[in-house]
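**Student:** Please see the structure below; I have some questions.
The values are calculated or read from the model by the stated rules, or taken from the named source; none is laboratory data. Quick caveat, the model's predicted, so the values are computed rather than measured. Cβ atoms come from the backbone with ideal geometry, glycine included; neighbour counts cover every protein chain shown.
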Amino acid sequence: MVAFVNNVKTAILLGALFGLLVWVGSFWGPSGMIVAGIFALLMNVGAWFFSDRIAIAAMRGTAVDRSTAPQLYGVVERLAKRASLPMPRVYICPHEAPNAFATGRNPRHAAVAVTRGALALLGPDELEGVLAHELAHIKNRDTLISTIAATVAGLFSMLAYWGFLFGGMGGRRGGHPLALIGVVLLGAVGAALIKAMISRSREFVADADGSKIAGSPNGLISALGKLEATARRIPMRNPNPAMNNMFIVEPFAGGRTLVKLFASHPPTEKRIAALRGRG
């Protein structure tokens, strides 16, 4: 039931994101929207086919197999079979900050990556819970949702740039250029908020489905507590903000209200409470 509600919420939020784009576009005029749409299509195709390679390269991931990382590879292989998924590629990233993520356009082109910090921090059951969570993201094709949300949100940045460059010439409503720029910037902030809400919604679904794949929520519950506490002491160094939603916990440390507003993950204590309810 929780998964169904969150899936409906995601559909509504994606609709809101596109609706916001249409509203801002009504201030811009048709020609700019056509050009922006073409760029967005090219960006979307590039992200669809190459997002996994870009993400792994950005995190300096090294591919491992049964001979180079038998324990990690064995856990992923066992969980993938349990989830009826093809075996994803497995990577280890040389970061002390404990985290993990999944990427790829579909289950046949998926990859799972774990940082060295996470491997050193987590016990066997906790690692299994984390990997089951990431496989749930792959099974639910959350990377597709992230690509759509990121592409639409990126359109607003492009429109804002054009607004500063051309002063809003060609706007249908003939408003003041600064007013048009303000509308686009407002849309950009709104898009960032909606994108964060989509990501937070998908985390609850992945937690629920991951606990099913693992057979118990206990490992993930323990892992989330450890990852959250350690990430505050050892934040990810210079992470790409566009990749935030991929990680199992928020890679940025800190608890300021503004940071929480744009956070790509729900509060860890709420995730743990939901998992305990399932247990």
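**Student:** Just to verify a result, which residue in the stretch 122-149, among those that are surrounded by fewer than 20 Cβ atoms within 10 Å (Cβ to Cβ) and hydrophobic (A, V, I, L, M, F, W, C), is modelled with the lowest pLDDT?
**Tutor:** Ile148
**Student:** Further question: Checking Arg232 against (1) touching a Leu at 6+ places or on another chain (Cβ under 6 Å); (2) modelled with pLDDT under 90, which single condition isn't satisfied?
**Tutor:** (1)
**Student:** Let me ask you something else. Would you be able to tell me the number of residues in the stretch 58-69 that are among the small types (Gly, Ala, Ser) and in contact (Cβ under 8 Å) with a residue 40 or more places away in the chain?
**Tutor:** Counting residues in the stretch 58-69 that are among the small types (Gly, Ala, Ser) and in contact (Cβ under 8 Å) with a residue 40 or more places away in the chain gives 2.
**Student:** Answer yes if at least one residue in the stretch 42-59 is at pLDDT 85 or above and not in a helix (DSSP H, G or I), and no otherwise.
**Tutor:** For the stretch 42-59, residues at pLDDT 85 or above and not in a helix (DSSP H, G or I): present.
A quick yes/no check of all residues on (1) over 18 Å from Arg141 (Cβ atoms); (2) among the polar types (S, T, N, Q):
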position	(1), (2)
Met59	yes, no
Thr68	yes, yes
Tyr73	yes, no
Ser84	no, yes
Met87	no, no
Phe101	no, no
Asn106	no, yes
Ala110	no, no
Val114	yes, no
